[in-house]
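The values are calculated or read from the model by the stated rules, or taken from the named source; none is laboratory data. Here the structure is a predicted model, which means the values were calculated and not measured. Cβ placement follows ideal geometry from the backbone for every residue including glycine, while neighbour counts extend to all protein chains displayed. These area figures cover heavy atoms from the full protein model, side chains too; ligands, DNA and RNA do not enter into them. Shrake-Rupley method; radii C 1.70, N 1.55, O 1.52, S 1.80 Å.
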Amino acid sequence: MALRITISKLCDRLSMSKNAVHKSKRFFSTQALTNSDVRRKRVELFEQEQQRQTALVTRIEKIEVKYTGLPEECTLIMNKHLSTPYNCAMHMQELFMDRSALALVNGEPWDMHRPLEDDCELQFVHFEEEDPRTVNNAFWRSCSFVLGHVLETAFQDQYYVELCSFPPPNVSSGSFVYDADLKLGNWKPTEVELNCLSRIGLRLNFLDLKFQRLEIPLSVATQMFSDNRFKLAQLPHIASKSKSGTSVVVYRAGDHIDITSGPLIASTAQIGRYSVTAIHEIESQSFGKLSRVQGLALPTQIMLHSWTYDTILRSRSKKLNPAQLPDLKQAENQKSQIPAQ
Amino acid sequence: MLRFRYQPHPRKMAVYPNAGQGERLQRLREIVTGLFRYERLELNYNHADEARQYAERLILLALRNGDKHKETMELADYWLLEKDLVHKLFKVLVPRFQKFKGCFTDLHKLALEYPGTGAPTGLLELRGNPWPPVIPRQRDFKYTLSNMLLAAARQDFYQSRQEKISQTKSAASLKSTQEDETKSSSVDPVLPSSKSDSVSQTSQTESAPNR
């Protein structure tokens with residue numbers, strides 16, 4: 001007994017001395033990065049940038065928004081650069097607020113929480129439209145976005161998950177994808193573990209987090225994603241594709257922020273079923289070994305029998321998604337090809 | 001012989017009590033004439049069903065033979081009581097149905113009127129008529145998210161099954177070619193293969209009870 005105590009004391013002393021060594025060596029913070037810290041930093045930057053941009057609107061101007069569609073056409077006088085399509089829906093019907101996933105501004109898809117910029121014609125679209133393909137793609141993209149949130153929040157702080165990117169939405173492939181570096185070695189998730197991941201995404205339904213869009217300058221974006229080597233590498237290419245050439249579109253839902261061109265759906269309450277179904281190992285040319293995390297989801301508005309969902313759709317979504325692997329060189333090649341054409 | 005009891009009886013098509021075959025034909029001609037005039041008729045279902053075939057036949061022959069064919073002209077003259085409709089048949093309907101596939105008329109069942117005679121009523125119409133459609137346009141749910149997912153899953157399933165079938169076929173053909181090879185090799189005494197051995201074994205076991 002005495003021996004044990006001495007051993008434990010010895011161990012304590014050793015560990016203390018180790019810490020002391022660490023402390024003495026540390027000039028700057030060498031503390032390991034954690035996802036929660038990085039996320040907090042991003043949210044702070046996002047809020048700063050948002051405040052800066054709203055401060056730019058000094059004089060409130062009015063715009064005329066013509067709503068066309070059922071039950072009746074109407075004209076609303078809204079605030080320029082402040083009012084969103086969601087605010088317009090608030091003036092009309094609760095149904096529009098709940099089910100509208102996207103707005104069409106002059107026929108172009110527009111996020112529900114993105115401020116309107118000029119006089120326009122407005123329509124609302126939902127998931128049971130006659131041709132809801134734009135909404136479906138926005139939903140699939142949003143689900144990939146949420147998958148990033150799931151991966152960043154699911155693991156303990158000692159595992160620093162680095163998200164890479166997700167391919168353009170393809171509903172027919174049967175699963176949405178997020179490629180990330182999980183840094184978990186040869187971890188093969190069991191069915192229970194996958195269910196735990198799914199439940200994080202599923203819980204967002206009750207939180208009703210809205211997807212906010214913000215166009216930020218490249219400098220802020222590099223600051224925001226400085227802790228993610230994949231995003232940092234992709235940023236110049238993404239910025240060069242934008243209209244001004246130096247801005248990046250980021251979205252925020254709750255405390256998760258990610259780069260995507262959008263559009264995304266209005267809120268996480270519109271994601272009804274959500275399951276993370278498989279994690280595959282992939283090898284990217286420019287980013288090395290990555291994990292391709294796949295999932296399946298359905299909007300709240302769409303009802304489907306559990307048997308169909310579980311046996312047909314979920315089992316199919318486990319297959320490796322054939323979407324393009326994340327690659328810097330390919331993107332740059334495409335960029336260089338465009339002026340040649 | 002049929003396996004169930006069925007009493008064949010002629011379709012009743014009473015134009016009026018005690019009417020005969022002549023009146024019946026007259027009634028059919030009236031219906032065909034009316035159909036060509038108005039392009040949509042609401043009438044007794046049996047009458048519509050009976051008249052439909054004659055209207056179809058007349059249009060088909062007019063399409064095939066044109067207006068310079070004596071027999072077709074005679075037929076049109078017989079079925080169309082109002083003679084201006086002969087012009088309509090060749091100048092309006094024949095061009096309209098030139099690129100049609102399938103039949104030229106539609107027959108819909110209508111609801112029973114109550115109180116009424118209790119006779120089933122139908123709606124007979126020429127296709128491509130200017131009236132609003134009888135059946136309202138159905139909404140297409142093809143692009144709903146769940147349906148897109150299921151359609152892709154279905155396609156996947158059939159594709160994999162097709163691949164399986166082709167694999168088993170190719171495997172079977174491989175086997176047969178291998179068997180042919182082993183047969184030819186079994187003739188050669190230097191290279192006895194395992195298959196020829198098993199064949200010889202089975203022949204021994206078969207011949208055993210005879211001994």
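Can you confirm whether A:Asn228 is surrounded by 14 or more Cβ atoms within 10 Å (Cβ to Cβ), under 17 Å from A:Ala138 (Cα atoms) and of a type outside the set (Phe, Trp, Tyr)?
No: the conditions fail for A:Asn228.
Does segment A:125-132 contain at least one residue that is in a strand (DSSP E or B), away from every other protein chain (no Cβ under 14 Å), under 23 Å from A:Leu209 (Cβ atoms) and aliphatic (A, V, I, L, M)?
No, the conditions are met nowhere in segment A:125-132.
Would you confirm whether or not segment B:136-152 contains a residue that is more than 30 Å from A:Ser173 (Cβ to Cβ), free of Cβ contacts under 8 Å to residues at least 12 places away in the same chain and not hydrophobic (A, V, I, L, M, F, W, C)?
Yes: one or more hits.
Do you know which residues across segment A:66-109 are among the basic types (Lys, Arg) and either in contact with a Lys or Arg (Cβ under 8 Å, 6 or more places away or on another chain) or closer than 25 Å to A:Leu298 by Cα (or both)? Walk me through it before giving the result.
As a first pass, look at segment A:66-109 and keep what is among the basic types (Lys, Arg): A:66, A:80, A:99.
Those that are among the basic types (Lys, Arg) and either in contact with a Lys or Arg (Cβ under 8 Å, 6 or more places away or on another chain) or closer than 25 Å to A:Leu298 by Cα (or both): A:Lys80, A:Arg99.
Which count do you get for residues in segment A:268-286 that are touching a residue at least 60 places away in the same chain (Cβ under 8 Å), farther than 18 Å from A:Val161 by Cα and of a type outside the set (Val, Ile, Thr)?
Here the count works out to 6.
Across segment A:156-171, which residue is modelled with the highest pLDDT among those that are out of contact with any strand residue (DSSP E or B) (no Cβ under 8 Å at 6 or more places or on another chain) and open to solvent by less than 50 Å² (accessible area, probe 1.4 Å)?
At the first step, the residues of segment A:156-171 found to be out of contact with any strand residue (DSSP E or B) (no Cβ under 8 Å at 6 or more places or on another chain) are A:156-160, A:168, A:170-171.
Those left that are additionally open to solvent by less than 50 Å² (accessible area, probe 1.4 Å): A:160, A:171.
Working: A:Tyr160: 93, A:Val171: 96.
Result: A:Val171.
Which residues, counting only those in segment A:183-225, are of a type in the set (D, E, K, R) and open to solvent by 60 Å² or more (accessible area, probe 1.4 Å)?
If the condition is that a residue be of a type in the set (D, E, K, R) and open to solvent by 60 Å² or more (accessible area, probe 1.4 Å), then A:Lys183, A:Lys188, A:Glu191, A:Glu193, A:Arg199, A:Arg203, A:Asp208, A:Lys210, A:Glu215 are the ones that fit.
Looking only at segment A:231-249, which residues are touching a helix residue (DSSP H, G or I) at 6+ places or on another chain (Cβ under 7 Å), aliphatic (A, V, I, L, M) and open to solvent by less than 30 Å² (accessible area, probe 1.4 Å)?
Residues satisfying the conditions are A:Leu235, A:Ala239, A:Val248.
Of these, A:Arg141, A:Arg114, which one is touching a residue at least 60 places away in the same chain (Cβ under 8 Å) and outside any helix (DSSP H, G or I)?
Within the list A:Arg141, A:Arg114, the selection yields A:Arg114.
For the subset of segment A:135-173 comprising residues that are among the small types (Gly, Ala, Ser) and away from every other protein chain (no Cβ under 14 Å), which member is nearest to A:Ile271 (Cα to Cα)? Give the steps one after another, and end with the answer.
First pass over segment A:135-173, keeping only residues among the small types (Gly, Ala, Ser): A:138, A:142, A:144, A:148, A:154, A:165, A:172-173.
Among the residues that remain, those that are also away from every other protein chain (no Cβ under 14 Å) are: A:144, A:148, A:154, A:165.
Numbers: A:Ser144: 12, A:Gly148: 15, A:Ala154: 18, A:Ser165: 21 Å.
Among residues in segment A:135-173 that are among the small types (Gly, Ala, Ser) and away from every other protein chain (no Cβ under 14 Å), the one nearest to A:Ile271 (Cα to Cα) is A:Ser144.
Testing B:Asp156 on (1) away from every other protein chain (no Cβ under 14 Å); (2) among the acidic types (Asp, Glu); (3) closer than 30 Å to A:Gly272 by Cα, one condition comes back false. Which one is that?
(1)
With A:Pro71, A:Pro109 as the choices, which residue is within 30 Å of B:Asp140 (Cα to Cα) and part of a loop (DSSP other than H, G, I, E, B)?
A:Pro71
Only one of (1) under 18 Å from A:Lys318 (Cα atoms); (2) open to solvent by less than 50 Å² (accessible area, probe 1.4 Å); (3) within 14 Å of chain B (Cβ to nearest Cβ) is not met by A:Ala180, so which one is it?
(3)
Go through segment A:83-94 and give me each residue that's open to solvent by less than 70 Å² (accessible area, probe 1.4 Å), among the hydrophobic types (A, V, I, L, M, F, W, C) and more than 14 Å from A:Cys120 (Cα to Cα).
A:Ala89, A:Met92
Residue-wise test of (1) exposed (fewer than 10 other Cβ atoms within 10 Å of the Cβ); (2) touching a strand residue (DSSP E or B) at 6+ places or on another chain (Cβ under 9 Å); (3) within 14 Å of chain A (Cβ to nearest Cβ); (4) of a type in the set (S, T, N, Q).
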| residue | (1), (2), (3), (4) |
| --- | --- |
| B:Pro130 | yes, no, no, no |
| B:Phe141 | no, no, yes, no |
| B:Ser166 | no, no, no, yes |
| B:Asp180 | no, no, no, no |
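Between residues in segment A:201-229 that are hydroxyl-bearing (Ser, Thr, Tyr) and residues that are open to solvent by 60 Å² or more (accessible area, probe 1.4 Å) and part of a helix (DSSP H, G or I), which pairs lie under 7 Å by C-beta distance while being six or more apart or on different chains?
So the pair list comes out as A:Thr222/A:Leu232; A:Ser226/A:Leu232.
Checking the structure you have, find out if any residue of segment A:55-66 is modelled with pLDDT of 95 or more, open to solvent by less than 40 Å² (accessible area, probe 1.4 Å), touching a strand residue (DSSP E or B) at 6+ places or on another chain (Cβ under 8 Å) and away from chain B (no Cβ under 14 Å).
yes
Conditions (1) of a type in the set (A, V, I, L, M); (2) more than 27 Å from the chain's Cα centre (by Cα); (3) open to solvent by 60 Å² or more (accessible area, probe 1.4 Å), marked per residue:
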{"position": "B:Glu71", "(1), (2), (3)": "no, yes, yes"}
{"position": "B:His87", "(1), (2), (3)": "no, yes, yes"}
{"position": "B:Phe97", "(1), (2), (3)": "no, no, no"}
{"position": "B:Lys101", "(1), (2), (3)": "no, no, yes"}
{"position": "B:His108", "(1), (2), (3)": "no, no, no"}
{"position": "B:Ala111", "(1), (2), (3)": "yes, no, yes"}
{"position": "B:Thr117", "(1), (2), (3)": "no, yes, yes"}
{"position": "B:Leu124", "(1), (2), (3)": "yes, no, no"}
